[in-house]
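Supplied in structure tokens, the structure appears directly below.
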Amino acid sequence: MAIKTESFILNIGPQHPSTHGVFRLRLILDGEVITDLEPVFGYLHRGIEKLAEGRTYLQDIPFTDRLDYLGSMTNNHAYVMAVEKLAGITVPERAEYIRVILDELQRIASHLAGLGFFLNDLGALQTPLLYMFREREKIVELFDMCSGQRLNYNYYRFGGFVQDLPEEFLPALKKLLDTLPGFIDEYEQLISTNEIVLIRTKGVGVLKRELAINSSAAGPVLRASGVNWDIRRNDPYSIYDRFEFDIPTAQNGDTYDRYMVRIREMRQSVRILRQAVKDLPEGEIMGKAPKLLKPPAGEVYSRIEGPKGELGFYLVSDGTDKPYRWRVRPPCLLNLSALKDMVVGWKVADLMAIFGSIDIVMGEVDR
Amino acid sequence: MSDFWVHLLVYLVILFGFVIVSVLLFIWLERRFIGRFQLRPGPNRAGPFGLLQPIADAIKVLIKEDIIPTESDKGVFWLAPLVAFVPVMLMFAAIPFADGAMLVDLNIGILYILAVSSVTVIGIFMAGWSSNSKYSLLGAMRTIAQEVSYEIPLVLSILGVVMLTGSLSMNEIVKAQSVPFVLLQPLGFFVYLSAAMAEINRTPFDLLEAESEIIAGFHTEYSGMKFGLFYLMEYAEVLAISAIATTLFLGGWQGPLLHPVIWFITKVLIIFMFIIWVRATIPRLRIDQVMAFGWKFLLPLSLANLVITAFEILAAPDMNTAVLIGINIAVMFGLILLFSRFYKLGGGRVSVK
Amino acid sequence: MELDSGKPLSLLTLDEIDQHEGGIIQSFRTGHTTPYPDPADWLNSEEPPPGVFVTSVEKVLNWSRHYSLWPVMFGLACCAIEMMCMAASRWDLARFGMDIFRASPRQADLMIVAGTLTWKMAPWLKRIYDQMPEPKWVLAMGACGTSGGLFRDSYSVVPGFNMVVPVDVYVPGCPPRPEALLRAIMDIHEKIDKTRIIKR
Amino acid sequence: MTAVLDYQQLKADLSKELPGIEIQAESSFLLALPEDIHHVCQYLVSRPLQMDYLTNLTAADYPEYIEIIFHLNSIVNNTAMTLKTRLTDKTNPKMASVVDIWRGAELQEREIYDLFGVVFENHIGLKRIFLWEGFEGYPLRKDFANGH
């Protein structure tokens, strides 16, 4: 049965409760059904890449914080690693362990916030969001202890860290690690088997395996489509090859799978954290690095597995103290490549669920 | 002045006072209660325990600038809040607060309430259409689809109660409840509460003002006093639905020891608390799922309820009440489980050319 | 079920809309070069003189506005996360009666602009500000709101929100901690309390 | 560990497979001409190399040319490689789009078009992505001065 109808354009955004920032979607709607969609980017385009070219390598670290502002620690790590690779700086053992600890904490914090927003988009009146912010707050407090900031930490330096962990950090972390799995169980109990969550997410917004790879999706979005690809395992960086952990994947690539992959990833992060805390050696926190860094001319592409996916930095040096070209590979932007294929045919309410499950941060999409 | 006019005036004042005061109280209660659900204290600065919070909101909304968009249909835009609000107030005319304590004891009380309550949807649609905003229009479209469909299970679920009492008068229905009808009509109560929550657009059926999807739905363009009226209407509707549920299923003002009015308010509060509880915990359904739930699940169940009730009245009029209650509850759970296996929510992806 | 869509009900194509919006942004950028003066005269104003009727009315109205300050959601960038943290359980904005975050500007009183404002976004900020009914207040959160902050030199960033809308209270920090934002809201409360409704 | 392909070997394979193609193998990347890039990419994505994952696509502005850089990955073989091409005509840079090979190139090519001014032919919807219509200049070119 075919119904002859006429469609209309609906603007979602740039300021809308569930676009996760200033993102805009031009929907062509047929009643409630989305027949076409055009994303409009750039409402948070701050020209970070241009600004970074005008400053020294060290001064560029704060810019990385403000890319994916829910994953500042991992952004720091990716950038610092790229410059270390470019300039040939070695990092002490203790610093590597601390980097892993902070990265995994940041992954949990980012997933908590992302899942909270996702459930908010499903229409759950903020309750799950506030529950997840409760745990995120504990992690943020740990970061606050070591860096003195709550959101944009600026804690990594080339060769190590700006300062050693404070004394109270490890006891607090151990306490958190004891309670965190219980909280994740609580979320699973409340959400994963909720009938309404299931019917709203199962089978909705399927991203097929082939399209996921072809559209350069990364991170949980890619893994939920059945691709076993994680930089921590496939191209190990830092000291990730020393830890035992699984890469959670799912087969259907629907909204529910993306949610479940994130929940399982948090459990794996707890597992890595436990091992890292156990093995954490004493020693230097800072390797040998000059105050004013002048890497030799050349280029480098270095990547890590951030909370949203593969976060890469492509740097070109011309031998001066400022980068010649400074480029971020933004997982959030590329995860949106296949948005149209996931959304067309679904309803406006589903768009919010699908969009929330991709978990983007506009700071990184627009840069 | 005759007694009739004195009665009318006194009750009008009492009713208005009751509705306004309890709506303000409800708003406070909801925000405090939801605050507790969300691990926080909720409003507690304005007055003791934040009790004056709704009053502050009310005064502020009253003195806020009232914007009428240039492109809107001004007459309809102006009229819509009234058309939505007045029927809700009219519903309270036939609700007994104690034995005979009501504005008018209509002998078709429940029919009158159903008839009046369905006018609200016209006001909401007027608001959505006249705003000349796409978000409002989407909200209005959802309203029409949802409220018209849920009217049917709502009415059918009440019919069971009417069959048991043999009267349409609200006062008679309360008097007939030596045992609260929630026990004799558990299935009817379930269907009524589900359908009523869809009627008054509370979570999980709050599609027409789905904040994460269509901003504020039909009242996106409303500000100031007119928005205040919609806000008032929403809570007055909840109050009305709670009061009707109390009257029809929970034995109304009946209860031992305490004053009937206190019993009535307590029961209303229990239903209201339940609605808040659902709101704080459950995500929203999608429009096609809402429709499927109404037509494929609630409608057959309410029809089955009618048949069962009729059968019980005809075949076993003298059965022991305790046994009857047991059978009814068992039948309810059986039917709900059976039906939730049978029906499919359907919908899903539409292929687009 | 299949849908057979006809042409969209719009007079313009998407590309034409883009061109049109680009023109708006460009003219907006050239048209907003001087900042709005800060409405800060309340800072030095003294307590209103005692009067029986007018003062009491003023008190009641200001009291109601003080305790019922509904914010509109306007998160732009990093600061929005800290704004949410403040609204979340730990700092709990609901205590002050601000738990109703309105998504529609028509029903809001306070705009907490949190994050970096770009020229592409500026017309929309202005529009949302215009859509809010009087009386309304604007709170610029973070260094970007004050001056453009870290991104001041950029080609696409508005150096301070006061280029676009008049700002009542600025909060320093990148991003400000929730405590700082709470303090700013106290300042807005103070401004409301000092408002004279009847000019004398 | 992701293995980086041997570029000399790759060059030999490519010249055999696509005769008449001019290609240069450097120590850390493969350099192709802009007019050949579509053919080269088509070969890379097919068997046996199966470079099915376009990790990163970006550009850099040098005094004589604009360089387009492809960072490619094979998810199946867990291999990586870098492919480059140089556009010498800086006033009107043009090259073929690779969106039909990798969907992931769509947004990144739009980004390069917006910030560098490189036109990608046969792109499915090439228009400005971050900046607005009517913005003058290409910000990431070296001759663009930042500031107001």
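Only one of B:Phe218, B:Phe249 is in contact with a Gly (Cβ under 7 Å, 6 or more places away or on another chain) and in contact (Cβ under 8 Å) with a residue 24 or more places away in the chain. Can you tell me which?
Result of the check over B:Phe218, B:Phe249: B:Phe218.
Let me ask you something else. Would you confirm, using the coordinates I've provided, whether B:Pro256 is out of contact with any helix residue (DSSP H, G or I) (no Cβ under 9 Å at 6 or more places or on another chain), free of Cβ contacts under 8 Å to residues at least 40 places away in the same chain and surrounded by fewer than 17 Cβ atoms within 10 Å (Cβ to Cβ)?
No, not satisfied.
So A:Met81 passes all but one of these: (1) more than 14 Å from chain D (Cβ to nearest Cβ); (2) within 21 Å of A:Ser269 (Cβ to Cβ); (3) crowded, with 24+ Cβ neighbours inside 10 Å; (4) hydrophobic (A, V, I, L, M, F, W, C). Which condition number does it fail?
(3)
Name the one entry in A:Arg134, A:Arg157, A:Arg150 that is touching a Ser or Thr at 6+ places or on another chain (Cβ under 8 Å) and charged (D, E, K, R).
Going through A:Arg134, A:Arg157, A:Arg150 in turn, just one is touching a Ser or Thr at 6+ places or on another chain (Cβ under 8 Å) and charged (D, E, K, R): A:Arg134.
Sticking with this structure for a sec: Can you tell me which residues in segment D:102-120 are within 13 Å of the chain's Cα centre (by Cα), more than 10 Å from chain A (Cβ to nearest Cβ) and more than 16 Å from A:His45 (Cα to Cα)?
Scanning segment D:102-120 gives D:Glu109, D:Val118, D:Val119, D:Phe120.
Check whether at least one residue in segment C:99-120 is out of contact with any Ser or Thr (no Cβ under 7 Å at 6 or more places or on another chain), assigned to a helix (DSSP H, G or I), facing chain B (nearest Cβ under 9 Å) and basic (Lys, Arg), and report yes or no.
no
Which of the numbered conditions does C:Pro166 fail, given that it passes all the others? Conditions: (1) in a strand (DSSP E or B); (2) more than 24 Å from A:Glu364 (Cβ to Cβ).
(1)
Might you check whether a residue that is more than 21 Å from the chain's Cα centre (by Cα), surrounded by fewer than 17 Cβ atoms within 10 Å (Cβ to Cβ), closer than 24 Å to D:Leu57 by Cβ and not hydrophobic (A, V, I, L, M, F, W, C) occurs anywhere in segment A:206-225?
Yes: segment A:206-225 contains one or more residues that are more than 21 Å from the chain's Cα centre (by Cα), surrounded by fewer than 17 Cβ atoms within 10 Å (Cβ to Cβ), closer than 24 Å to D:Leu57 by Cβ and not hydrophobic (A, V, I, L, M, F, W, C).
Would you be able to tell me the number of residues in segment C:10-45 that are within 13 Å of chain D (Cβ to nearest Cβ), part of a loop (DSSP other than H, G, I, E, B) and among the hydroxyl-bearing types (Ser, Thr, Tyr)?
Residues flagged as within 13 Å of chain D (Cβ to nearest Cβ), part of a loop (DSSP other than H, G, I, E, B) and among the hydroxyl-bearing types (Ser, Thr, Tyr) within segment C:10-45 amount to 3.
Out of B:Phe297, B:Phe274, B:Phe227, report the one residue that is surrounded by 23 or more Cβ atoms within 10 Å (Cβ to Cβ) and closer than 22 Å to B:Ile200 by Cβ.
Exactly one of B:Phe297, B:Phe274, B:Phe227 is surrounded by 23 or more Cβ atoms within 10 Å (Cβ to Cβ) and closer than 22 Å to B:Ile200 by Cβ, namely B:Phe227.
For the condition of a type in the set (A, V, I, L, M) and part of a helix (DSSP H, G or I), what is the one hit in B:Val121, B:Val104?
One residue alone meets the criteria, B:Val121.
Still on this structure, please answer the following. Look through B:Val76, B:Val21 and report the one residue that is assigned by the TED database to the domain that holds B:Lys134 and either under 27 Å from the mean Cα position of the chain (by Cα) or at pLDDT 85 or above (or both).
Criteria check complete, one pass: B:Val76.
Return only the number of the condition from (1) under 19 Å from B:Ala176 (Cα atoms); (2) within 14 Å of another protein chain (Cβ to nearest Cβ); (3) among the basic types (Lys, Arg) that B:Lys267 does not satisfy.
(2) is the only condition that B:Lys267 fails.
Within segment A:1-53, which residues are outside any strand (DSSP E or B) and of a type in the set (Lys, Arg)?
Within segment A:1-53, A:Arg46, A:Lys50 meet the criteria.
Sticking with this one: Take the residues in segment C:166-192 that are acidic (Asp, Glu) and touching a strand residue (DSSP E or B) at 6+ places or on another chain (Cβ under 6 Å), then tell me which one is surrounded by the most Cβ atoms within 10 Å (Cβ to Cβ).
Going through the qualifying residues, I end up with C:Asp168.
Do we find that A:Ser147 is touching a residue at least 12 places away in the same chain (Cβ under 8 Å), of a type in the set (S, T, N, Q) and surrounded by fewer than 19 Cβ atoms within 10 Å (Cβ to Cβ) in this structure?
Taking the combined requirement at face value, the residue does not satisfy it.
Only residues that are under 15 Å from the mean Cα position of the chain (by Cα) and either at positive phi or surrounded by fewer than 18 Cβ atoms within 10 Å (Cβ to Cβ) (or both): list them for segment D:121-148, please.
Scanning segment D:121-148 gives D:Glu121, D:Asn122.
Could I ask something else about it? Scanning for something outside any strand (DSSP E or B) and buried (at least 21 other Cβ atoms within 10 Å of the Cβ), does segment D:10-29 turn up at least one residue?
Among the residues of segment D:10-29, at least one is outside any strand (DSSP E or B) and buried (at least 21 other Cβ atoms within 10 Å of the Cβ), which makes the answer yes.
Any residue in segment D:72-79 that is on the phi > 0 side of the Ramachandran plot and modelled with pLDDT under 90?
There is at least one residue in segment D:72-79 that is on the phi > 0 side of the Ramachandran plot and modelled with pLDDT under 90.
While we're here: Collect the residues in segment D:49-70 that are closer than 18 Å to D:Phe116 by Cα and part of a strand (DSSP E or B), keeping them in residue-number order.
Result: D:Asn56, D:Leu57, D:Thr58, D:Ala59, D:Ala60, D:Asp61, D:Ile66, D:Glu67, D:Ile68, D:Ile69, D:Phe70.
With part of a helix (DSSP H, G or I), under 19 Å from B:Val238 (Cα atoms) and among the basic types (Lys, Arg) as the only criterion, which of B:Arg36, B:Arg31 stands out?
The match here is B:Arg31.
Now for a separate question. Could you name every one of the helices (runs of 4 or more DSSP H) located completely within segment B:234-346 that has at least 1 residues being assigned by the TED database to the domain that holds B:Asn201 and more than 25 Å from A:Leu125 (Cβ to Cβ)?
Once the helices (runs of 4 or more DSSP H) in segment B:234-346 are filtered for at least 1 residues that are assigned by the TED database to the domain that holds B:Asn201 and more than 25 Å from A:Leu125 (Cβ to Cβ), what remains is B:260-281, B:299-315, B:321-342.
Please verify whether segment A:69-89 includes one or more residues that are of a type in the set (Lys, Arg), part of a helix (DSSP H, G or I) and either closer than 17 Å to C:Lys120 by Cβ or at pLDDT below 90 (or both).
The answer is yes; a qualifying residue exists.
Could you count how many residues in segment B:165-182 are crowded, with 19+ Cβ neighbours inside 10 Å and either assigned to a helix (DSSP H, G or I) or of a type in the set (Val, Ile, Thr) (or both)?
So the count comes out to 6.
Within segment D:44-54, track down each residue that is surrounded by fewer than 17 Cβ atoms within 10 Å (Cβ to Cβ) and more than 13 Å from chain A (Cβ to nearest Cβ).
D:Ser46, D:Arg47, D:Pro48
Give the number of residues within segment C:56-92 that are outside any strand (DSSP E or B) and either within 12 Å of chain B (Cβ to nearest Cβ) or among the charged types (D, E, K, R) (or both).
The qualifying residues number 23.
So which residues in segment A:191-205 are aliphatic (A, V, I, L, M), part of a helix (DSSP H, G or I) and crowded, with 16+ Cβ neighbours inside 10 Å, if there are any at all?
A:Ile191, A:Ile196, A:Val197, A:Ile199
The values are calculated or read from the model by the stated rules, or taken from the named source; none is laboratory data. Bear in mind that the values here come from a model prediction, so they are computed numbers and not experimental data. Methodologically, a virtual Cβ is constructed for each residue, glycine included, from the backbone with ideal geometry; neighbour enumeration extends over all protein chains shown.
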